[in-house]
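Participant: My structure is below; once you've seen it, I'll send some questions.
The values are calculated or read from the model by the stated rules, or taken from the named source; none is laboratory data. Because the structure is a prediction, the values reported are computed rather than measured. Side chains are part of the model used for accessible areas, which takes the heavy atoms of the whole protein and leaves out ligands, DNA and RNA. Shrake-Rupley method; radii C 1.70, N 1.55, O 1.52, S 1.80 Å.
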Amino acid sequence: MNRILLLSVLVMMACSQNGPEPPADLLEEEEMVEALVELNLIESVRSMHITAEKKNKVETEAFYNELWERTGIDKDRFLRSFDHYRSDPQRMSQLYEQVASQIKRREDLLNEKKRQEVEERDQR
(Lines give C-alpha, C1' and ligand atoms only; values in the text may rest on other atoms or scores of the structure.)
Protein backbone atom coordinates (compact mmCIF):
# COMPACT_ATOMS: atom_id res chain seq x y z
CA MET A 1 0.00 0.00 0.00
CA ASN A 2 2.85 2.38 0.79
CA ARG A 3 4.18 1.79 -2.71
CA ILE A 4 0.83 2.89 -4.13
CA LEU A 5 0.91 6.05 -2.03
CA LEU A 6 4.51 6.79 -3.02
CA LEU A 7 3.74 6.21 -6.69
CA SER A 8 0.70 8.49 -6.44
CA VAL A 9 2.79 11.23 -4.88
CA LEU A 10 5.50 10.91 -7.51
CA VAL A 11 2.97 11.09 -10.34
CA MET A 12 1.43 14.16 -8.80
CA MET A 13 4.82 15.78 -8.37
CA ALA A 14 5.29 15.46 -12.11
CA CYS A 15 2.22 17.61 -12.67
CA SER A 16 2.67 21.26 -13.48
CA GLN A 17 2.77 23.88 -10.74
CA ASN A 18 0.23 26.06 -12.55
CA GLY A 19 -3.01 24.43 -11.63
CA PRO A 20 -6.61 25.36 -12.01
CA GLU A 21 -8.29 27.94 -9.82
CA PRO A 22 -9.83 26.37 -6.75
CA PRO A 23 -13.35 25.19 -7.48
CA ALA A 24 -16.11 26.94 -5.55
CA ASP A 25 -16.95 23.66 -3.81
CA LEU A 26 -13.35 22.68 -3.00
CA LEU A 27 -13.13 20.01 -0.33
CA GLU A 28 -11.31 21.18 2.79
CA GLU A 29 -8.01 19.39 3.34
CA GLU A 30 -9.46 17.30 6.19
CA GLU A 31 -12.34 16.14 3.98
CA MET A 32 -9.93 15.40 1.14
CA VAL A 33 -7.65 13.36 3.39
CA GLU A 34 -10.58 11.34 4.73
CA ALA A 35 -11.88 10.67 1.21
CA LEU A 36 -8.39 9.63 0.06
CA VAL A 37 -8.04 7.31 3.07
CA GLU A 38 -11.33 5.63 2.24
CA LEU A 39 -10.51 5.38 -1.47
CA ASN A 40 -7.12 3.84 -0.71
CA LEU A 41 -8.76 1.30 1.59
CA ILE A 42 -11.33 0.44 -1.10
CA GLU A 43 -8.55 -0.07 -3.64
CA SER A 44 -6.56 -2.18 -1.19
CA VAL A 45 -9.52 -4.46 -0.53
CA ARG A 46 -10.18 -4.69 -4.25
CA SER A 47 -6.60 -5.65 -5.02
CA MET A 48 -6.60 -8.30 -2.30
CA HIS A 49 -9.82 -9.90 -3.53
CA ILE A 50 -9.41 -9.97 -7.27
CA THR A 51 -12.37 -11.72 -8.84
CA ALA A 52 -13.80 -11.78 -12.31
CA GLU A 53 -13.09 -8.39 -13.84
CA LYS A 54 -16.72 -7.39 -14.42
CA LYS A 55 -17.87 -8.46 -10.95
CA ASN A 56 -14.89 -6.69 -9.37
CA LYS A 57 -15.75 -3.48 -11.20
CA VAL A 58 -19.36 -3.63 -10.03
CA GLU A 59 -18.31 -4.30 -6.42
CA THR A 60 -15.79 -1.44 -6.51
CA GLU A 61 -18.38 0.95 -7.89
CA ALA A 62 -20.73 -0.09 -5.09
CA PHE A 63 -18.03 0.72 -2.52
CA TYR A 64 -17.41 4.10 -4.17
CA ASN A 65 -21.12 4.90 -4.28
CA GLU A 66 -21.46 4.01 -0.60
CA LEU A 67 -18.53 6.30 0.18
CA TRP A 68 -20.05 9.21 -1.75
CA GLU A 69 -23.41 8.68 -0.05
CA ARG A 70 -21.94 8.31 3.46
CA THR A 71 -19.72 11.38 3.20
CA GLY A 72 -22.08 13.59 1.23
CA ILE A 73 -19.30 14.18 -1.30
CA ASP A 74 -20.19 13.50 -4.90
CA LYS A 75 -17.72 12.03 -7.34
CA ASP A 76 -17.51 15.17 -9.48
CA ARG A 77 -16.78 17.38 -6.47
CA PHE A 78 -14.07 14.98 -5.35
CA LEU A 79 -12.50 14.96 -8.82
CA ARG A 80 -12.55 18.76 -9.07
CA SER A 81 -10.91 19.00 -5.64
CA PHE A 82 -8.40 16.30 -6.52
CA ASP A 83 -7.43 18.15 -9.70
CA HIS A 84 -6.93 21.33 -7.71
CA TYR A 85 -4.81 19.72 -4.99
CA ARG A 86 -2.68 17.75 -7.41
CA SER A 87 -1.77 20.96 -9.20
CA ASP A 88 0.40 21.71 -6.15
CA PRO A 89 2.64 18.62 -5.75
CA GLN A 90 4.06 19.76 -2.42
CA ARG A 91 0.61 20.26 -0.93
CA MET A 92 -0.59 16.96 -2.37
CA SER A 93 2.43 15.23 -0.91
CA GLN A 94 1.51 16.64 2.49
CA LEU A 95 -2.04 15.38 2.07
CA TYR A 96 -0.76 11.90 1.22
CA GLU A 97 1.50 11.95 4.27
CA GLN A 98 -1.64 12.53 6.33
CA VAL A 99 -3.41 9.75 4.44
CA ALA A 100 -0.57 7.32 5.16
CA SER A 101 -0.54 8.37 8.81
CA GLN A 102 -4.28 7.80 9.18
CA ILE A 103 -4.10 4.42 7.47
CA LYS A 104 -1.24 3.42 9.79
CA ARG A 105 -3.25 4.59 12.81
CA ARG A 106 -6.23 2.51 11.70
CA GLU A 107 -3.99 -0.49 11.13
CA ASP A 108 -2.49 -0.12 14.60
CA LEU A 109 -5.96 0.07 16.17
CA LEU A 110 -7.07 -3.07 14.34
CA ASN A 111 -3.93 -4.93 15.39
CA GLU A 112 -4.47 -3.90 19.00
CA LYS A 113 -8.08 -5.05 18.85
CA LYS A 114 -7.00 -8.41 17.42
CA ARG A 115 -4.35 -8.75 20.14
CA GLN A 116 -6.95 -8.09 22.84
CA GLU A 117 -9.37 -10.59 21.32
CA VAL A 118 -6.65 -13.26 21.27
CA GLU A 119 -5.76 -12.53 24.90
CA GLU A 120 -9.44 -12.75 25.92
CA ARG A 121 -9.86 -16.01 24.04
CA ASP A 122 -6.74 -17.46 25.63
CA GLN A 123 -7.96 -16.55 29.10
CA ARG A 124 -11.17 -18.60 28.67
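Participant: Given the condition at pLDDT 95 or above, open to solvent by 90 Å² or more (accessible area, probe 1.4 Å), at negative phi and part of a helix (DSSP H, G or I), answer yes or no: does some residue in region 91-98 qualify?
Facilitator: Looking for residues that are at pLDDT 95 or above, open to solvent by 90 Å² or more (accessible area, probe 1.4 Å), at negative phi and part of a helix (DSSP H, G or I), one finds at least one in region 91-98, hence yes.
Participant: Looking only at region 76-89, count every residue that is of a type in the set (S, T, N, Q) and either at pLDDT below 95 or outside any helix (DSSP H, G or I) (or both) and tell me the total. Give the steps one after another, and end with the answer.
Facilitator: First, pick out the residues of region 76-89 that are of a type in the set (S, T, N, Q): 81, 87.
Those still in the list that are either at pLDDT below 95 or outside any helix (DSSP H, G or I) (or both) too: 87.
Here the count works out to 1.
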